Amino acid sequence: MIRERLADDLKAALKARDPARVSTLRMVAAALKDRDIAARTEGAGGPVAEAEVLTLLAKMIRQRQESAKVYAEGGRPELAARERAEIAVIEGYLPRQMEAVEVEAAVRAAVAETGAASVRDMGKVMAVLKARHAGEMDFGAASGVVKRLLG
């Protein structure tokens, strides 16, 4: 499980006195704890499912990619480098990302399974993809493939 691996890696980073890794892992742990608390207030008992953890990690990576881009454009290479270092740590907890060919095959399978015929059915297709490929697929790219196939 990701949570257990995260806790073990945080202990190892603390022992190794790796402040950048410790900071990133603590940030991820805090985000997971916040999400668990939000789920409890929404009435969904215990910790969130593994698929939702993967989605949260992917979201954190996208946020850091955007920040790194803004920092680089703003002439702050040291901050951009820090964001990229955080991305590298977080990516270690995600499964291998699907290649474009694999994304297209998964989208075609989801379209066939849902019987989607037009762009109006895009939500159904994306729901199937998110349920099956959380953390391993870039859903922004997948939505473009869905639009192209259904359009």
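The values are calculated or read from the model by the stated rules, or taken from the named source; none is laboratory data. Keep in mind that what you see is a predicted model, and the values were worked out from it rather than measured. No Cβ is skipped: glycine too gets one built from the backbone with ideal geometry, and neighbour counts run over all protein chains shown.
Going through (1) polar (S, T, N, Q); (2) within 14 Å of the chain's Cα centre (by Cα); (3) part of a helix (DSSP H, G or I) one by one, Gln97 falls short only on (3). Of Ala85, Ala81, all but one fail to be among the small types (Gly, Ala, Ser), at pLDDT 95 or above and closer than 23 Å to Arg5 by Cα; the exception is Ala85.
Restricting the stretch 99-129 to residues that are buried (at least 18 other Cβ atoms within 10 Å of the Cβ) and in contact (Cβ under 8 Å) with a residue 40 or more places away in the chain leaves a set whose member that is farthest from Leu56 (Cα to Cα) is Val107.
Going through (1) free of Cβ contacts under 8 Å to residues at least 60 places away in the same chain; (2) more than 30 Å from Val128 (Cα to Cα); (3) under 16 Å from the mean Cα position of the chain (by Cα) one by one, Thr24 falls short only on (1).
Just to confirm my filter: which helices (runs of 4 or more DSSP H) fall fully inside the stretch 1-84 and include at least 3 residues that are in contact with a helix residue (DSSP H, G or I) (Cβ under 7 Å, 6 or more places away or on another chain) and not aliphatic (A, V, I, L, M)?
On the way: elements: 2-16, 19-41, 50-73.
Answer list for the stretch 1-84: 19-41, 50-73.
If you check Ala58, Ala38, Ala30 for being within 22 Å of Ala85 (Cβ to Cβ) and without any contact (Cβ under 8 Å) to a residue 24 or more places away in the chain, only one passes: Ala30. All of (1) outside the structural domain of Leu10 (by TED's automatic domain parsing); (2) at pLDDT 90 or above hold for Phe139 with one exception: (2). Any residue at all in the stretch 127-134 that's part of a loop (DSSP other than H, G, I, E, B), within 21 Å of Ala29 (Cα to Cα) and not assigned by TED's automatic domain parsing to the domain that holds Thr24? Yes: one or more hits.
Looking at (1) touching an Asp or Glu at 6+ places or on another chain (Cβ under 9 Å); (2) free of Cβ contacts under 8 Å to residues at least 12 places away in the same chain, can you tell me which one Pro77 breaks? Only one criterion is unmet by Pro77, namely (1).
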